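Undergrad: Below you'll find the structure I mean.
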Amino acid sequence: MGGAVMSEHDILPSARDRLRDTARPLRTAMAGVHTWAGLLFGCLVYFMFVTGTLGYLDSEIDRWMRPELPPAQYSLPSASTAQHALDYLQSHAPAARRWNVQIPVDRNEPYLRVQWLSAEPGQDSQSAWLDARTGARIIVRDTGGGQALYQMHWRLHYLPQSIAEWIIALASMALFLTLLTGVVVHRRFFADFFTLRLGKGQRTWLDAHNLASVATLPFQLMISYSGLVFLMFSFTPLIATAWYGVSPGAGRAFYDELFPPMAVATATGNRMPSVPVVQVLEQAKIHWHGAEAAVLDIQNPGDAHARIHVTGNFAAGPVRTAGSLVFDGVTGNLLAERLARQSTPRTARDLLLGLHEGLFAAPVLRAMYMLSGLLGCVMIATGMVLWTVKRRQRAARSTASALRGLTLVERLNSGVIFGLPIAIAAYFWANRLLPVDMDSRGQHEVHVLFGVWVATLLYAAFSASGRAWRVLAWCAVLGFGALPVLNMITTHRHLGYSLPAGDWVMAGFDLGAIALGCAFALAACAMKKRGCIA
Amino acid sequence: MMLLTFAIIVIGLATLALAMERHGEHLPATLSGRHAAWVLRVLGCSALVCALVLLLLVTDGIPAALIWLGFLAPGTLCIAFGMTIANLIHSRR
């Protein structure tokens, strides 16, 4: 204007400004998605992470909650073990239409278990734990054990499975989005990689949140994506619908093609002697180049049309798959086979499922899974607290409704973050305190878990935030710290027995409970020293 | 071998941390500067690669990679806490 010549400096700053204006809205938008997805699904995802992390120790928790069981028995020969199982089933359920034998093969299945389904329709299956050395039944208390906790991770509780699957799928998607948007929002991703500034209020919470997230980012991305793959048939049903249509039998056709039934036969009613199981297991071992069988499923046992399904070990490697062979139960002839690896897409899916479950993980890798899961819990918890700390600092400028929302989240945070561990401790206490011969004992243990959690939420909702945090922290200290003492009073498999005997599952659980109690005690002392959570 | 691998990872991460401007103040003056930072980064990355190679010597590909990734998390935490403690000591002097 006025004949002035535009210089380079006049052009470049405006281009930079345009670039800056484009970048800022993206980061702001991603921050909004990150915040709202985290806020709306934080409690549920925290529950999934806690129960999922405990799932990596499901067998160990199972054992602690069934102190009647001896140390693990998966090093015994599978042929003799299987024979003990079949002898038991033959004497206790000869007329059943289906027998199932879980052979102890590894840490995931350390005990010999049998199940049978009565020939009469409408009957539930029954099960028994057997001593793998002698075949004698081990009477164990009715409990959900670690499996119940793990199943809550993907089934929740008190909800129909179809609804629970959708809720879990939405939460998993929210988690995945939160992780990706968090990476975009995190301005100083590398500069803050090793940064943890203590005693700085909001900055400390942000550093802790970033550190827990970034240190385990590969794990978090894997776990959230593979969790969605678990639910892909429910979460993305239209892909199957597009190929198989929407007619009444279309869904069945899809699943029959994906998991085709193998050598199905109906019972004839003619009794015939069964082929020796040792022969079948030997054939399977030769077929699988030395790999052992893990599961025997016998349909129509003792019938002319008996079928023996032999399945390999799903946890043999990272790809969660196993071969399956079907033998004629009378002649021992091989009738059908399903290969462990059938196609590349299926193997990719099985790899993701295997990585998610970590069944193949040896002790060191399993410890890494546990640590990553715990850091995931820390990531979510610090995120939830950070939201309240940030907004409490802006409270003077907030509207009344925003303050109400802030107060609600502040109060619920302690009930969720500390309340859930307290509830899980209560679940373990119930396992030791409820009468062993109580009906539906396993269900009552779970009711105790949720009852205590509701109680902590109610306490947190009606108490001042700071006080609730401190009180619940000390409840957690008591809940976990006193567990080994309770174990000593109620069973003979306490630390005084398990340590000298080298029973590291029982000893490890008790020592882990003490460690958790100490961790909560440190948190309680830190909160008392600071006088508040921020 | 696992302990050795973890130790190498921690050393590698510590070297990478010290290459950063924020944490490099703990280094002696002779080791500061852009050239020194690049050397530290190369050394740090080399240590991490060395740890992965060690793991591959004792276990298969996928579990080795998973263990390596898994070790990065506690290693990062160790270094972060170490730097925090170093900063606290430095600020109190």
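The rows are residues; the columns are (1) surrounded by fewer than 22 Cβ atoms within 10 Å (Cβ to Cβ); (2) under 25 Å from A:Tyr369 (Cβ atoms); (3) not hydrophobic (A, V, I, L, M, F, W, C).
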residue: A:Met173; (1), (2), (3): yes, yes, no
residue: A:Val185; (1), (2), (3): yes, no, no
residue: A:Asp192; (1), (2), (3): yes, no, yes
residue: A:Asp207; (1), (2), (3): yes, yes, yes
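Undergrad: How about the stretch A:211-238: which of its residues are at the interface with chain B (Cβ under 10 Å from one of its Cβ atoms) and either touching a Phe, Trp or Tyr at 6+ places or on another chain (Cβ under 7 Å) or surrounded by fewer than 22 Cβ atoms within 10 Å (Cβ to Cβ) (or both)?
TA: A:Val214, A:Leu217, A:Pro218, A:Met222
Undergrad: Name the single residue that is farthest from A:Thr81 (Cα to Cα) among those in the stretch A:278-292 being outside any loop (DSSP other than H, G, I, E, B) and in contact (Cβ under 8 Å) with a residue 24 or more places away in the chain.
TA: Residues of the stretch A:278-292 outside any loop (DSSP other than H, G, I, E, B): A:278-287.
The next check asks that each one be in contact (Cβ under 8 Å) with a residue 24 or more places away in the chain; those that pass are A:278-284, A:287.
On the way: A:Val278: 10, A:Gln279: 14, A:Val280: 14, A:Leu281: 11, A:Glu282: 14, A:Gln283: 17, A:Ala284: 16, A:His287: 20 Å.
Looking at the filtered set, the residue picked out is A:His287.
Undergrad: Taking the options A:Thr51, A:Thr134, name whichever one is among the polar types (S, T, N, Q) and under 30 Å from A:Ile223 (Cβ atoms).
TA: A:Thr51
Undergrad: What pairs come out if I take residues in the stretch B:79-93 that are in a helix (DSSP H, G or I) and pair them with residues that are modelled with pLDDT under 80 whose C-beta lies under 6 Å away, six or more apart or interchain?
TA: Cβ pairs passing all conditions: B:Met83/B:His23; B:Ala86/B:His26.
Undergrad: For residues that are hydrophobic (A, V, I, L, M, F, W, C), without any contact (Cβ under 8 Å) to a residue 40 or more places away in the chain and under 18 Å from A:Leu57 (Cβ atoms), tally how many sit in the stretch A:471-512.
TA: So the answer is 4.
Undergrad: Given the structure, is A:Val246 within 27 Å of A:Ser172 (Cβ to Cβ) and not in a helix (DSSP H, G or I)?
TA: yes
Undergrad: For A:Arg530, are the conditions met, namely being farther than 15 Å from A:Ser414 by Cα and surrounded by 20 or more Cβ atoms within 10 Å (Cβ to Cβ)? Give the derivation first.
TA: On the way: farther than 15 Å from A:Ser414 by Cα: yes; surrounded by 20 or more Cβ atoms within 10 Å (Cβ to Cβ): no.
Criteria not met by A:Arg530.
Undergrad: Just checking, how many residues over the stretch A:181-210 are without any contact (Cβ under 8 Å) to a residue 24 or more places away in the chain, outside any loop (DSSP other than H, G, I, E, B) and either more than 9 Å from chain B (Cβ to nearest Cβ) or polar (S, T, N, Q) (or both)?
TA: Residues in the stretch A:181-210 being without any contact (Cβ under 8 Å) to a residue 24 or more places away in the chain, outside any loop (DSSP other than H, G, I, E, B) and either more than 9 Å from chain B (Cβ to nearest Cβ) or polar (S, T, N, Q) (or both): 2 in total.
Undergrad: I want to confirm something. Restricting to the stretch B:56-93 and keeping residues that are facing another protein chain (nearest Cβ under 10 Å) and more than 24 Å from A:Asn210 (Cα to Cα), which single residue is modelled with the lowest pLDDT?
TA: Top of the filtered list is B:Asp60.
Undergrad: Pairs needed: first member in the stretch A:422-440, among the charged types (D, E, K, R); second member anywhere, surrounded by fewer than 23 Cβ atoms within 10 Å (Cβ to Cβ); C-beta distance under 7 Å; at least 6 residues apart or different chains.
TA: A:Arg432/A:Leu486; A:Arg432/A:Thr490
Undergrad: Now for a separate question. On the given criteria, is A:Phe49 among the aromatic types (Phe, Trp, Tyr), buried (at least 21 other Cβ atoms within 10 Å of the Cβ), over 17 Å from A:Met370 (Cβ atoms) and at pLDDT 90 or above? Steps first, answer last, please.
TA: Details: among the aromatic types (Phe, Trp, Tyr): yes; buried (at least 21 other Cβ atoms within 10 Å of the Cβ): yes; over 17 Å from A:Met370 (Cβ atoms): no; at pLDDT 90 or above: yes.
In short, no.
Undergrad: Say we look at the stretch B:1-21 and pick out the residues that are surrounded by fewer than 15 Cβ atoms within 10 Å (Cβ to Cβ) and more than 13 Å from the chain's Cα centre (by Cα); which of these is modelled with the lowest pLDDT?
TA: The initial filter retains those residues of the stretch B:1-21 that are surrounded by fewer than 15 Cβ atoms within 10 Å (Cβ to Cβ), namely B:1, B:3-4, B:7, B:21.
Next, only the ones that are more than 13 Å from the chain's Cα centre (by Cα) stay: B:1, B:3-4, B:21.
Working: B:Met1: 85, B:Leu3: 90, B:Leu4: 92, B:Glu21: 73.
It comes out as B:Glu21.
Undergrad: Under 16 Å from B:Leu18 (Cα atoms), crowded, with 17+ Cβ neighbours inside 10 Å and facing chain A (nearest Cβ under 9 Å) - does that describe any residue in the stretch B:36-49?
TA: No, the stretch B:36-49 has no match at all.
Undergrad: Name the strands (runs of 3 or more DSSP E) wholly inside the stretch A:55-132 in which the number of residues that are surrounded by fewer than 14 Cβ atoms within 10 Å (Cβ to Cβ) and without any contact (Cβ under 8 Å) to a residue 24 or more places away in the chain is 1 or more. Write out each step before concluding.
TA: Working: elements: A:98-102, A:112-117, A:126-130.
Once the strands (runs of 3 or more DSSP E) in the stretch A:55-132 are filtered for at least 1 residues that are surrounded by fewer than 14 Cβ atoms within 10 Å (Cβ to Cβ) and without any contact (Cβ under 8 Å) to a residue 24 or more places away in the chain, what remains is A:126-130.
Undergrad: Let me ask another. Just to verify a result, which residue in the stretch A:439-459, among those that are of a type in the set (Ser, Thr, Tyr) and part of a helix (DSSP H, G or I), is farthest from A:Gly145 (Cα to Cα)?
TA: At the first step, the residues of the stretch A:439-459 found to be of a type in the set (Ser, Thr, Tyr) are A:440, A:456, A:459.
Still in the running and part of a helix (DSSP H, G or I): A:456, A:459.
Numbers: A:Thr456: 22, A:Tyr459: 27 Å.
Among those that are of a type in the set (Ser, Thr, Tyr) and part of a helix (DSSP H, G or I), it is A:Tyr459.
Undergrad: Right, here's the next one. Could you please find all residues in the stretch A:286-301 being surrounded by 20 or more Cβ atoms within 10 Å (Cβ to Cβ) and either in contact with an Asp or Glu (Cβ under 8 Å, 6 or more places away or on another chain) or of a type in the set (Gly, Ala, Ser) (or both)?
TA: Answer for the stretch A:286-301, where residues must be surrounded by 20 or more Cβ atoms within 10 Å (Cβ to Cβ) and either in contact with an Asp or Glu (Cβ under 8 Å, 6 or more places away or on another chain) or of a type in the set (Gly, Ala, Ser) (or both): A:Ala293, A:Ala294.
Undergrad: Another question, then. With A:Thr321, A:Thr311, A:Thr331 as the choices, which residue is β-branched (Val, Ile, Thr), in contact (Cβ under 8 Å) with a residue 12 or more places away in the chain and farther than 30 Å from A:Ala95 by Cα?
TA: Details: A:Thr311 fails: farther than 30 Å from A:Ala95 by Cα; A:Thr331 fails: farther than 30 Å from A:Ala95 by Cα.
A:Thr321 is the lone residue from the list that is β-branched (Val, Ile, Thr), in contact (Cβ under 8 Å) with a residue 12 or more places away in the chain and farther than 30 Å from A:Ala95 by Cα.
Undergrad: Within the stretch A:421-479, how many residues turn out to be among the small types (Gly, Ala, Ser) and under 22 Å from A:Ile514 (Cα atoms)? Write out each step before concluding.
TA: Let us first name the residues in the stretch A:421-479 that are among the small types (Gly, Ala, Ser), namely A:423, A:425-426, A:430, A:440, A:442, A:451, A:455, A:460-461, A:463-466, A:468, A:473, A:476, A:479.
With the extra rule that they be under 22 Å from A:Ile514 (Cα atoms), the set shrinks to A:423, A:425-426, A:430, A:473, A:476, A:479.
Final tally of qualifying residues: 7.
Undergrad: Of the residues that make up the stretch A:134-154, is at least one within 14 Å of another protein chain (Cβ to nearest Cβ) and touching a Leu at 6+ places or on another chain (Cβ under 6 Å)?
TA: Initial filter on the stretch A:134-154 (within 14 Å of another protein chain (Cβ to nearest Cβ)): none.
No, there is no match, as no residue in the stretch A:134-154 is within 14 Å of another protein chain (Cβ to nearest Cβ) and touching a Leu at 6+ places or on another chain (Cβ under 6 Å).
Undergrad: Kindly indicate which of A:Val389, A:Val326, A:Val364 is more than 14 Å from chain B (Cβ to nearest Cβ), crowded, with 16+ Cβ neighbours inside 10 Å and closer than 26 Å to A:Ala215 by Cβ.
TA: Numbers: A:Val326 fails: closer than 26 Å to A:Ala215 by Cβ; A:Val364 fails: more than 14 Å from chain B (Cβ to nearest Cβ).
Answer to the check: A:Val389.
The values are calculated or read from the model by the stated rules, or taken from the named source; none is laboratory data. A quick note: this is a predicted structure, and the numbers were derived from the prediction, not measured. Don't worry about glycine lacking a Cβ; one is built from the backbone with ideal geometry, like all the others, and counts go over all protein chains shown.
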